[in-house]
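Okay, structure first, notes after.
Taken together, the values in this text are just the output of simple stated rules run on the coordinates, not laboratory data. On a predicted model such as this, the values are computed, not experimentally measured, just so you know. Cβ: placed from backbone, ideal geometry, glycine included. Neighbour counts: every protein chain shown.
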Amino acid sequence: MRGKFITVEGTEGVGKTTNIQFIQAWMEKNKLAFATTREPGGTPLAEQVRELLLAPREEKVCNTAELLLMFAARAQHLNQVIEPMLGEGAWVLCDRFTDATYAYQGAGRNMRDDLISELELLVQGSLRPDLTLILDIPVEIGLQRAGERSTPDRFELERVEFFERVRNRYLQIAADSPERCVIIDASQSIEGVQAQIEKALNKFLENA
């Protein structure tokens with residue numbers, strides 16, 4: 001039986017890392033074979049592309065170059081990690097996937113959705129996540145949290161307006177795909193956030 005593909009999305013500072021650890025514990029408790037990975041990244045080559053994408057630099061990165069690099073990393077990731085694991089029956093838990101491209105490059109960079117969808121079809125075929133948890137938080141709170149956590153990467157240096165567009169696109173994606181997406185209110189306490197996540201996962205497992 002083919003495995004299930006779960007993705008976790010959200011803007012900066014929503015708490016993806018902490019909550020992915022919670023999801024891993026939930027999978028272990030439910031005795032599921034799983035792998036955890038991330039985008040961009042997930043393989044040695046894709047991690048090198050990630051470094052290229054995130055490193056602050058004086059040279060302005062062309063939006064089209066950024067988009068193509070994202071999908072180049074994704075193609076390698078799918079070929080080497082995601083598809084093989086799903087084919088073996090394992091669940092795959094991924095920190096961001098193509099929804100992030102529609103949010104960051106599409107809405108954030110004002111790139112056309114049809115360009116993204118063409119690359120999505122080329123790279124993924126019919127593959128889409130089975131469940132997407134979108135951690136949502138007001139942008140200014142998220143950026144404050146992210147700033148306290150680490151030195152900002154190239155994306156985190158963007159203006160607030162950029163992240164407002166990203167957040168709004170995530171909310172639109174959830175509205176357009178209610179059968180796949182669940183919005184998690186990440187402004188609550190960690191216990192409150194994880195209660196929402198567990199409820200969504202339990203419901204998904206019942207129907208899997």
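Once the other residues with Cβ under 12 Å from the Cβ of E120 are scored (Lys, Arg +1; Asp, Glu -1), what is the net sum?
Result for the local shell: -2.
Mind checking which of A107, A174, A195 has the largest fluctuation in a GNM of the chain, springs on alpha carbons under 10 Å?
A195
Once you place label points 7 Å from the Cα toward the Cβ at Q188 and R154, how far apart are they in nm?
For the pair Q188/R154, the computed spacing is 3.7 nm.
In deg cm²/dmol and to the nearest 500, what is the mean residue ellipticity at 222 nm of the chain if only DSSP H runs of at least 4 residues count, each as -39500 (n - 2.57), divided by the residue total?
After summing the helix terms and dividing by the residues of the chain, the value is -16000 deg cm²/dmol.
Quick check on segment 77-147: take the gyration tensor over C-alpha atoms, sort the square-rooted eigenvalues as a ≥ b ≥ c, and tell me if it's rounded (a/c under 1.5), prolate or oblate.
Values: a/c = 2.79, a/b = 1.37, b/c = 2.04.
The shape class here is oblate.
For a quick check: with amide H placed at 1.01 Å from N, whose amide H comes under 5 Å from V92's, ignoring anything fewer than 5 positions away on the same chain?
K4, F5, I6, A35
For a protection proxy built on the mean count of beta-carbon atoms within 10 angstrom, sort 199-206, 165-172, 97-104 highest first, please.
Working: 199-206: 13.9, 165-172: 19.4, 97-104: 23.6.
Output ranking for 199-206, 165-172, 97-104: 97-104, 165-172, 199-206.
From largest to smallest, what semi-axes in whole angstrom does the chain give when each is the square root of 5 times an eigenvalue of its alpha carbon gyration tensor?
On the way: eigenvalues 126, 91, 51 Å².
That gives 25, 21, 16 Å for the three semi-axes.
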